[in-house]
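Take a look at the structure set out below.
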Amino acid sequence: MKKIILSLVALLAVSGTSVAQKAEQKVDTVKFTVVKENPITSIKNQNRSGTCWNYSSLSFFEAELLRLGKGAYNLSESFVCQKTYMDRADKTIRTHGDASFAQGGSFYDVLYCLKNYGIVPEGILPYPITCYGDSLYNFNEMWPMAEGIVNGIAKSDKKKINVHWRETLQSVLDGYFGKVPASFEYKGKVYTPETFCKSLGLNLDDYVSLTSFSHQPQYGQFAIEVQDNWRWGLSYNLPLDEFMEVMESAVRNGYTFAWGADVSETYFSRSNSVVQLPAKFRESGNAGSDAARWTGKNTTLTNQPVAETGEAAVTPEMRQLAYDNWETTDDHGMVIYGLAKNPEGKEYFMVKNSWGEYGPYKGIFYVSKPYVAYKTLNILINKNAIPKHIRKHLGL
């Protein structure tokens, strides 16, 4: 009996492998031709952590250092986590839990960290080694402990709290990320986090966040209303056509930018890493209708106006509706660094991700312009990459 079971298990394993291989073979790899590709650093892997905001922001600043001719750097995500999670815990407790304590964050968190705390190169803080044996981030053990400390205080009905809670939380962060040193040696020189950041030669006042929504005045600044924007960092609000002009112009003129977007939709393809916006993508409810009674379906896909690309034609009204009804959320941070065209000549943005060398393009996605127009929440960009006539409107 045992031999039969083992044989069946072996057969299933082989069958499963065969099916997986066949499924993998079905993935069509589109051959893209590069139109413009700006330099980026190596693909990283955020692994089991909600730190895309951190990886994408630091990857963007690393690309800026390459663009400015200052060399290749690998900056420490652990340092940013140390500082940001402590600040977020403080905000959560001060607001009695109204500000959430979560793994996610915003591009502004990293910019704030660089301005106020500095940065260190990778390796100054030890790589996380967890009880699971991972050498990459795995928050499965650390985060519940940190969350328990913060929420245990923030959501309690206490009238007075022990002000030494920070030491308790800091010990958890130190145990996972390593202690932040007061000073360290790098390539023969001694730095503090602040002096190392200054040595990079970045003008941190050059970096701004841009977005495009109609519920706030255009060309003004506002805090995008999502939970992970807990510092209430401000974004300049542009008309959609100018927002897209900034992104395309930036890439063509040698700039990269950090890209915050919604990747939760079923049409965000993770299998072939080529992302488009279908002509039909929004569900409409028809519960109780005659059609629902006959088809057994309570939703249908509605037709959207179709552009020449064959994808939905994106309007400001579509963007706003998707944001207002929680279709578009702040899912994921990445870096846009280039433009490429498919065999039909259609252009896509080239996107650097932080899931390791995943998919047919080894960690790179190709995302269509309509998708970017529809699903971008905000970008972090060097203000000098913004066309002059748009900068004038913004007062930059």
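No lab work stands behind these numbers, since they all come straight from the coordinates. Please read all numbers here as calculations on a predicted model, not as lab measurements. When we count neighbours, we look across all protein chains shown, and the Cβ atoms used for this are built from the backbone with ideal geometry, even at glycine.
Using a simple spin-label model with pseudo-atoms 7 Å out from Cα toward Cβ, SER156 and LEU66 lie 4.8 nm apart.
Around the amide H of HIS332, modelled in the peptide plane, lie the amide H atoms of ALA261, VAL263, all under 5 Å away and 5 or more residues distant in sequence or on another chain.
Cβ-to-Cβ counts within 10 Å put TRP326, TRP165, TRP232 in ascending order as TRP326, TRP232, TRP165, the fewest first.
Residue exposure proxy: LYS392, LYS187, ordered by other Cβ atoms within 10 angstrom of their Cβ from fewest to most, comes out as LYS187, LYS392.
Return SER78, SER59 ranked ascending by Cβ neighbour count within 10 Å, so the fewest neighbours appear first. Intermediate results must be reported in sequence, preceding the final value.
Working: SER78 23, SER59 27.
The fewest-first ordering by Cβ neighbours comes to SER78, SER59.
Report note on the peptides 258-265, 67-74, 118-125: ranked by the mean count of other C-beta atoms within 10 Å, highest first, their order is 258-265, 118-125, 67-74.
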